[in-house]
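I have placed the structure first, in the form of structure tokens, so that the comments after it can refer back to it.
The values are calculated or read from the model by the stated rules, or taken from the named source; none is laboratory data. Here the structure is a predicted model, which is why all the values come from computation and not from measurement. Cβ sites come from the backbone with ideal geometry, for glycine too, and all protein chains shown count toward neighbours.
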Amino acid sequence: MPSFGSADTLVDEAQAFMESYATDLREGRRDAIIARYDPRGAYFMGHGQKRLVTLDGITAIYHGNQWQPPVSFAWRDMSYEAVGPDAVVVAGLLDWGVNADLTIHISYTGLLLRREGRWMIRLEDEDAAPQRPAPRPPAGGAR
């Protein structure tokens, strides 16, 4: 167990942050989502890539046409580990509803840092599970 403050308090704060993050995502609150990131930028990891994205770059992502809020969103099997007096690692799964017929299952790891009294995201690693192709009709058509 860490020797700094109460790890339970840090975890409780991180859980509340992640719950409100989910609400912002579901409701498409672009500016609120952007404000959750470290002003120095954030590392975006996943799919064999690593990039440090500035806050301006994060703003461009969330205000761009490529990002759309999910039709549904849920965290699953979340774990929280206090790793310093102002740092929590978050690991779990998320379900991102693209539309009524498609939900993407994603593994998630994040590093939350508390700076100037507020929590912010410094690193996110998201990896989507492979999508199964839709079943193909039998060759030769229906009989």
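With the requirement that a residue be under 20 Å from ASP127 (Cβ atoms) and either assigned to a strand (DSSP E or B) or at pLDDT 95 or above (or both), what does segment 40-50 give you?
Quick first cut of segment 40-50, residues under 20 Å from ASP127 (Cβ atoms) only: 42-50.
Correct list: ALA42, TYR43, PHE44, MET45, GLY46, GLN49, LYS50.
In segment 3-25, which residue that is among the hydrophobic types (A, V, I, L, M, F, W, C) and within 18 Å of ALA74 (Cα to Cα) is surrounded by the fewest Cβ atoms within 10 Å (Cβ to Cβ)?
Just the residues of segment 3-25 that are among the hydrophobic types (A, V, I, L, M, F, W, C), to begin with: 4, 7, 10-11, 14, 16-18, 22, 25.
Narrowing the set further to residues that are within 18 Å of ALA74 (Cα to Cα) leaves 14, 16-18, 22, 25.
Details: ALA14: 22, ALA16: 11, PHE17: 21, MET18: 22, ALA22: 15, LEU25: 19.
Across segment 3-25, the extreme among qualifying residues is ALA16.
Do you know which of the residues in segment 82-133 that are in a loop (DSSP other than H, G, I, E, B) and small (Gly, Ala, Ser) is nearest to LEU25 (Cα to Cα)?
To start, the set of residues in segment 82-133 that are in a loop (DSSP other than H, G, I, E, B) comprises 85-86, 100-101, 116-117, 129-133.
Filter once more, so that each one left must be small (Gly, Ala, Ser): 100, 117, 129.
Working: ALA100: 17, GLY117: 22, ALA129: 20 Å.
The extreme case among them is ALA100.
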Which numbered condition LEU25 fails, given (1) outside any helix (DSSP H, G or I); (2) in contact with a strand residue (DSSP E or B) (Cβ under 9 Å, 6 or more places away or on another chain): (1)
Index of the failed condition, ILE33 passing every other in (1) at pLDDT 95 or above; (2) surrounded by fewer than 17 Cβ atoms within 10 Å (Cβ to Cβ): (2)
Condition met for GLY28 (within 18 Å of GLU126 (Cα to Cα), loosely packed, with under 14 Cβ neighbours inside 10 Å and small (Gly, Ala, Ser)): no
Extreme residue, surrounded by the fewest Cβ atoms within 10 Å (Cβ to Cβ), among residues of segment 36-57 that are free of Cβ contacts under 8 Å to residues at least 60 places away in the same chain and within 24 Å of PRO130 (Cβ to Cβ): GLY48
Any hit, segment 51-72, residues being under 20 Å from LEU112 (Cα atoms), out of contact with any Pro (no Cβ under 6 Å at 6 or more places or on another chain), outside any helix (DSSP H, G or I) and of a type in the set (S, T, N, Q): yes
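Does segment 28-39 include one or more residues that are within 16 Å of LEU93 (Cα to Cα), out of contact with any Pro (no Cβ under 7 Å at 6 or more places or on another chain), of a type in the set (Asp, Glu) and in a helix (DSSP H, G or I)?
Taking segment 28-39 first, the residues within 16 Å of LEU93 (Cα to Cα) are none.
Taking every residue of segment 28-39 in turn, none turns out to be within 16 Å of LEU93 (Cα to Cα), out of contact with any Pro (no Cβ under 7 Å at 6 or more places or on another chain), of a type in the set (Asp, Glu) and in a helix (DSSP H, G or I).
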Selection from segment 58-96 of residues that are over 16 Å from the mean Cα position of the chain (by Cα), more than 16 Å from GLY110 (Cβ to Cβ) and surrounded by 14 or more Cβ atoms within 10 Å (Cβ to Cβ): ALA60
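Kindly indicate whether GLY5 is of a type outside the set (S, T, N, Q), assigned to a loop (DSSP other than H, G, I, E, B) and at pLDDT 95 or above. Spell out how you get there, then give the answer.
Details: of a type outside the set (S, T, N, Q): yes; assigned to a loop (DSSP other than H, G, I, E, B): yes; at pLDDT 95 or above: no.
No: the conditions fail for GLY5.
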